[in-house]
Amino acid sequence: MALITSKELFEKALKGKYAVGAFNVNNMEIIQGITEAALQEKSPFILQVSAGARKYAKTVYLIKLVEAAMEDTGLDTVLHLDHGEDFEICKQCVDDGFTSVMIDASKLPFEENIRETKRVVEYAHDRGVVVEAELGKLAGIEDAVNVAAADATFTDPDQAAEFVEKTGVDSLAIAIGTSHGAYKFKGEPRLDFERLEKVSALLPGFPIVLHGASSVPKEFVDFCNQYGGAIPGAQGVPEEMLRKAALMGVAKINIDTDLRLAMTGNIRKVFAEQPEVFDPRGYLKPAREAIKNMVAHKMRDVLGSSGKI
Ligand code: G3H
Ligand code: 13P
Ligand code: ZN
């Protein structure tokens, strides 16, 4: 039971043609729901902490909660910084005991992204911590109305290969049409699998990361809306596309929105059906159970990671 890096997890995932789920954590119930699912499914997993999570819960609470979950379940996990905005925050998290950090300098020009990423890689590797970087802009495919626009937005495969070589980064998030949040596609969901194929061909055996990979299941959206939610038209990445990506070199699949939907729908249900409930445990317990079930389903039926530990 320990905090580990993702190095071995990704090597095994790439060989076994499955992906490891990286789940965003913000509080105890989310951490417990995910780790209980992993225990049940005997699945590897990553817990990741965003800037929003640090602001909401404070890093120290999240670290201690993750450590408690490891002690309770006897599992190993990766404690990962999600979308680290600069060198300083990455350094802080390395110093705090994270085993993996993401430097997201994707908004910077190519050469500057390389420079910033390399700086983080040097600091982190010296301390046994692995690094994820990002190249390209996360945006729905319909934002790129033609090939020229797609080329300007999505990850250029040749640049991806050059980036990995020059930075020494351990994994790379690429843009092929996924986006963060619950509204990923206006029409039919579509990802640029040709682009993914080119990237994996140029980087054989290298772990590719897919951000914005929640499926936003229709039943979750309907469930939320049925109990007073207002998220019409929410749409995510179909599960079969994620399975396909896992066969094509994607070793890490990021999920946050689906956790939010699972939790919120079930809290809404208690509020709507049992207005007399005012003990937070009365609604946080079913919310935690819903997270466990959703994550177990992902591991078993989408990522293919069940039974891999
Ligand atoms: O990358 C986006 C994640 O869903 C984290 O979002 O910054 O609101 O926690 P957040
Ligand atoms: P979703 O919004 O699709 O869950 O993506 C989460 C993510 O990429 C976190 O970095
Ligand atoms: Zn992300």
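The values are calculated or read from the model by the stated rules, or taken from the named source; none is laboratory data. Remember, it's a predicted structure, so these values are computed and weren't measured experimentally. Here Cβ is always computed from backbone atoms with ideal geometry, including for glycine, and neighbour counts include all displayed protein chains. Side chains included, ligands, DNA and RNA excluded: accessible areas come from the protein's heavy atoms. Shrake-Rupley method; radii C 1.70, N 1.55, O 1.52, S 1.80 Å.
Residue-wise test of (1) more than 23 Å from residue 101 (Cα to Cα); (2) in contact (Cβ under 8 Å) with a residue 40 or more places away in the chain.
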residue	(1), (2)
159	no, yes
165	no, no
169	no, yes
185	yes, yes
246	no, yes
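Tally time: how many residues in region 230-240 are touching an Asp or Glu at 6+ places or on another chain (Cβ under 9 Å) and more than 16 Å from ligand 1 (Cβ to nearest atom)?
1
Give region 158-182 a look and list any residue that's open to solvent by 50 Å² or more (accessible area, probe 1.4 Å) and either in a loop (DSSP other than H, G, I, E, B) or modelled with pLDDT under 95 (or both), or say none.
180
Report yes if residue 289 is away from ligand 2 (no atom under 16 Å from the Cβ), open to solvent by 60 Å² or more (accessible area, probe 1.4 Å), part of a helix (DSSP H, G or I) and within 18 Å of residue 24 (Cα to Cα), otherwise no.
yes
Give 72, 76, 96 a once-over and let me know the one that is away from ligand 2 (no atom under 13 Å from the Cβ), within 24 Å of residue 301 (Cα to Cα) and among the acidic types (Asp, Glu). Steps first, please.
Details: 72 fails: within 24 Å of residue 301 (Cα to Cα); 96 fails: within 24 Å of residue 301 (Cα to Cα).
Result: 76 is the single residue among 72, 76, 96 that is away from ligand 2 (no atom under 13 Å from the Cβ), within 24 Å of residue 301 (Cα to Cα) and among the acidic types (Asp, Glu).
Being assigned to a loop (DSSP other than H, G, I, E, B) and closer than 16 Å to residue 132 by Cα is the filter here, so list the residues in region 98-112 that pass it.
Of the residues in region 98-112, the ones assigned to a loop (DSSP other than H, G, I, E, B) are 98-99, 104-109.
Hits for region 98-112 are 98, 99, 104, 105, 106, 107, 108.
Can you name the residue in region 268-286 that is open to solvent by 30 Å² or more (accessible area, probe 1.4 Å) and among the hydrophobic types (A, V, I, L, M, F, W, C) and, of all such residues, is farthest from ligand 2 (Cβ to nearest atom)? Walk me through it before giving the result.
Start the filter on region 268-286 by keeping residues that are open to solvent by 30 Å² or more (accessible area, probe 1.4 Å), which leaves 268-269, 271-286.
Remaining after also requiring among the hydrophobic types (A, V, I, L, M, F, W, C): 271-272, 277-278, 284.
Working: 271: 24, 272: 25, 277: 28, 278: 30, 284: 21 Å.
Only one residue tops the list, namely 278.
So in region 191-225, with the set limited to residues that are closer than 20 Å to residue 286 by Cβ and without any contact (Cβ under 8 Å) to a residue 12 or more places away in the chain, which one is most open to solvent (accessible area, probe 1.4 Å)?
Ranking the candidates gives 219 first.
Could you identify the single residue in 186, 137 that is under 30 Å from residue 221 (Cα atoms) and under 17 Å from the mean Cα position of the chain (by Cα)?
Every option except 137 fails the conditions.
If residue 146 satisfies all but one of (1) open to solvent by less than 20 Å² (accessible area, probe 1.4 Å); (2) at pLDDT below 95; (3) more than 15 Å from ligand 3 (Cβ to nearest atom), what's the number of the condition it fails?
Failed condition: (1).
Can you tell me which condition residue 137 does not meet? The list is (1) farther than 17 Å from residue 170 by Cα; (2) touching a helix residue (DSSP H, G or I) at 6+ places or on another chain (Cβ under 6 Å); (3) of a type outside the set (Val, Ile, Thr); (4) touching a residue at least 40 places away in the same chain (Cβ under 8 Å), and all the others hold.
(4)
Identify, please: which residue in region 192-228 is among the hydroxyl-bearing types (Ser, Thr, Tyr) and not in a helix (DSSP H, G or I) and is, among those, nearest to residue 252 (Cα to Cα)?
Ranking the candidates gives 214 first.
For region 232-257, give me each residue that is of a type in the set (A, V, I, L, M), in a loop (DSSP other than H, G, I, E, B) and within 13 Å of ligand 2 (Cβ to nearest atom).
Within region 232-257, 234, 237 meet the criteria.
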